[in-house]
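Sharing a structure here in structure tokens format.
Computed from the coordinates by the stated procedures, all read-outs in this text should not be read as laboratory data. This one's a predicted model, so the numbers in the text were calculated from it and none came from an experiment. No Cβ is skipped: glycine too gets one built from the backbone with ideal geometry, and neighbour counts run over all protein chains shown.
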């Protein structure tokens, strides 16, 4: 495949059957991906968050979710690097998931799609990259659910990437975060239109809208909500506030673009996330990491507390691993990795390009 720094390619790769962590075998797995940038440049793998997808750059008409961060002369410079993002298995944007056809029934998996874990996602991505002819990356980067994948990449395939950039994540999903997922899950399965996951195409699931609203409250800080809406009423004296309108709009918009069964599959994968599970604890698991880790956390992140992220990097430092810890001052809380690139993007750029320059010097010598 040939590409230029300003062009984006979206495609799918078939990886065959995938043996899941629970022992089930998922047949005929496809991984949707976006590939953009310098075809001769070193690879940066991007891992997306819960409701994201593989279209980080997108197109001029439909920009991707990180299009202000990745591109020619941006923080991840596609003149230098080629960037690959893959839609996770279990998602609803092209990779095998609940909307895919189950070959044994000829119908969509729906609620019958098997449970997948973050480790399953990483194994599937590794197989996809192998088929694409990629066996080494300069860096792997991602936030939230994407950050979970980054940490697992470092443990499952410790020599694949030189740099790991986990953002807005901790080594395990906390009980506080689990509680919010529990509310969202309950809202979906309690919806009369849910029908045990056998809802028809086009069904308007109010439960999914509510689940999205619950998530939004956790993604940003209290001060951001208060400053943005300032108790402003909508339509004069009617007892409805602008924040009401905003939450309803976001819930409805989300329910039109995301599949409820996929949402539940991904919530469960997040709930199960614990790099220490089956490995003797998270500290022992981190000893497997060989890459340089640069962990970013964001003030006001309710779901992934900076203190726990700092403990993670302190442990890595004590274990004589290469590690940096960067805490970003922001009102955006957990969503900090999606905005305000001017506050932290240059640090990523410096990290990637310093490593690149070091390699060039080594080659010249």
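Quick one: if you stick a label point 7 Å off each Cα along the C-beta vector at residue 239 and residue 224, how many nm between them?
That separation, rounded to one decimal, is 3.0 nm.
Take the Cβ-Cβ distance between residue 271 and residue 324 as r, set R0 to 30 Å, and report the resulting FRET efficiency rounded to the nearest 0.05.
Numbers: r = 29 Å, r/R0 = 0.96.
The calculated FRET efficiency here is 0.55.
Sticking with this one: Once fully extended, how much extra length lies between residue 130 and residue 195, figured as 0.36 nm per residue of separation less the alpha-carbon to alpha-carbon distance?
19.4 nm
What does a probe at residue 186 reach in region 192-227, counting residues whose amide N is under 13 Å from the point 7 Å along Cα→Cβ?
211
In nm, to one decimal, how far is the modelled label at residue 11 from the one at residue 203, with both set 7 Å along Cα→Cβ?
A separation of 3.7 nm, rounded to one decimal place.
When 1/r is averaged over all different Cα pairs and the result inverted, which Kirkwood radius in Å belongs to region 177-269?
On the way: mean 1/r = 0.0701 Å⁻¹.
For region 177-269, inverting the mean 1/r across all distinct Cα pairs yields 14.3 Å.
Choose one answer from 301, 271, 62: the residue with the largest mean-square fluctuation in a GNM of the chain with alpha-carbon springs under 10 Å.
In this elastic network of the chain, the residue with the biggest mean-square fluctuation among 301, 271, 62 is 62.
Right, here's the next one. Expected output is a single nm value to one decimal: the length gained when fully extending between residue 308 and residue 159, i.e. 0.36 nm times separation in residues minus the C-alpha distance. What is it?
Numbers: separation 149, 0.36 × 149 = 53.64 nm, distance 2.53 nm.
Difference between extended and current length: 51.1 nm.
For residue 339 and residue 68, compute 0.36 nm times the residue count separating them, minus their Cα-Cα distance, and round to one decimal in nm. Please report the intermediate quantities before stating the final value.
Working: separation 271, 0.36 × 271 = 97.56 nm, distance 0.89 nm.
Full-extension gain reported as 96.7 nm.
Which value, in Å to one decimal place, does the Kirkwood hydrodynamic radius take for the chain when every pair of different Cα atoms is included?
On the way: mean 1/r = 0.0471 Å⁻¹.
Result for the chain, one decimal place: 21.2 Å.
Name the most mobile residue of 200, 39, 27, meaning the one with the largest mean-square fluctuation, in a Gaussian network model of the chain with Cα contacts below 10 Å.
For the chain, modelled as a Gaussian network with Cα springs under 10 Å, the answer is 200.
Using helices alone, I'd like the mean residue ellipticity at 222 nm for the chain: each DSSP H run of four-plus residues gives -39500 (n - 2.57), total over residue count, nearest 500. Spell out each step's value before the answer.
On the way: 10 runs with 134 residues, N = 365.
Per the formula, -11500 deg cm²/dmol.
Pick out which of 64, 94, 202 has the largest mean-square fluctuation in a Gaussian network model of the chain, springs linking Cα atoms closer than 10 Å.
202
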